[in-house]
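Trainee: First the structure, which I've put down as structure tokens, then a few questions once you've had a look.
The values are calculated or read from the model by the stated rules, or taken from the named source; none is laboratory data. Bear in mind the structure is a predicted one, so any value in this text is a computation, not a measurement. Because the Cβ atoms are built from the backbone with ideal geometry, glycine has one as well, and the counts that use them run over all protein chains shown. Note: accessible area is taken over every heavy atom of the protein model, side chains too, but ligands, DNA and RNA are not part of it. Shrake-Rupley method; radii C 1.70, N 1.55, O 1.52, S 1.80 Å.
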Amino acid sequence: VRELDEEIALLRKKAEMEKAFLDELKKSKTRKELDLKQGEEHIAKCSARLYTVKTNKEYEATLKEIEEQKQKNSDLETEILLLYDQIEQEEKRVKEVREKLAQDEKEIEEKKKALAQKLTRAKALLPEQEKNREQILSSIPKDLLENYQWIQQRMGIKVFTRVVDKVCQSCFRVIPAQMYNEVLGEDKVLTCPGCNRILIYRETEFLSPDDTEF
């Protein structure tokens, strides 16, 4: 369930990032449109000033200022058009991401419900399983139980491992021939010289690939 929550959190974050990028594009477009408006106003003022200048030098300087502003406005118009295209594409992208997010959220919620049901069933079975465990523990010789618990502390939940054709299926170490024969005899509790897990012999064809360790 935690993994599913993390997955949906990442998907939501991705959707937020796409929306933030779209918002930034729109803000940039608004700023450039404002700059363009101010540029046009500046050209209008300069054009009006042409009628009031008294020297050729001032006239030429004003004309140059107008031409420079026109070039800036032209560049701004090009940038604004590009932003319109980017915004259109990003709006489609945001829509796709949101639709996928909604679909993934629905699927993840269904998975979480299934897990919740599985957890409820497991909790219902737990008291009986605990009772069976206590009965089994009481029947195991103390030295074997301590050996099992020691291995479990070191190796985690998977204490046993299959041995097939003299090879440990956990660490793939070759088991000595004499030890392998003793494992086949099932008269002793033997551990792998490589990973220290308890060796169990089972025919390969009766186990799935996932049953390497148990």
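Trainee: Does GLU6 fit the bill of being among the charged types (D, E, K, R) and modelled with pLDDT under 95? Step through it out loud before you land on a result.
Mentor: Details: among the charged types (D, E, K, R): yes; modelled with pLDDT under 95: yes.
Against the criterion (among the charged types (D, E, K, R) and modelled with pLDDT under 95), GLU6 qualifies.
Trainee: Here's another thing I want to ask about it. Does ARG93 meet the test of being closer than 21 Å to PHE21 by Cβ and among the basic types (Lys, Arg)? Explain how you work it out, then say what you get.
Mentor: On the way: closer than 21 Å to PHE21 by Cβ: yes; among the basic types (Lys, Arg): yes.
Yes: the conditions hold for ARG93.
Trainee: Report whether or not LYS100 is farther than 20 Å from LYS27 by Cβ, among the basic types (Lys, Arg) and surrounded by fewer than 13 Cβ atoms within 10 Å (Cβ to Cβ).
Mentor: Details: farther than 20 Å from LYS27 by Cβ: yes; among the basic types (Lys, Arg): yes; surrounded by fewer than 13 Cβ atoms within 10 Å (Cβ to Cβ): no.
When the stated conditions are applied, LYS100 does not pass them.
Trainee: Suppose we filter segment 154-205 for residues that are basic (Lys, Arg) and over 36 Å from the mean Cα position of the chain (by Cα); how many remain?
Mentor: Let us first name the residues in segment 154-205 that are basic (Lys, Arg), namely 154, 158, 162, 166, 173, 188, 197, 202.
Cutting the leftovers down to over 36 Å from the mean Cα position of the chain (by Cα) gives us 166, 188, 202.
Result for segment 154-205: 3.
Trainee: Then there's this: Starting from segment 29-54, take each residue that is closer than 10 Å to LEU76 by Cα and part of a helix (DSSP H, G or I) and list its partners that are of a type in the set (Asp, Glu) and open to solvent by less than 80 Å² (accessible area, probe 1.4 Å), counting only C-beta distances under 9 angstrom and pairs at least six apart or across chains.
Mentor: Every condition considered, the pairs that remain are LYS29/GLU79; LYS32/GLU79.
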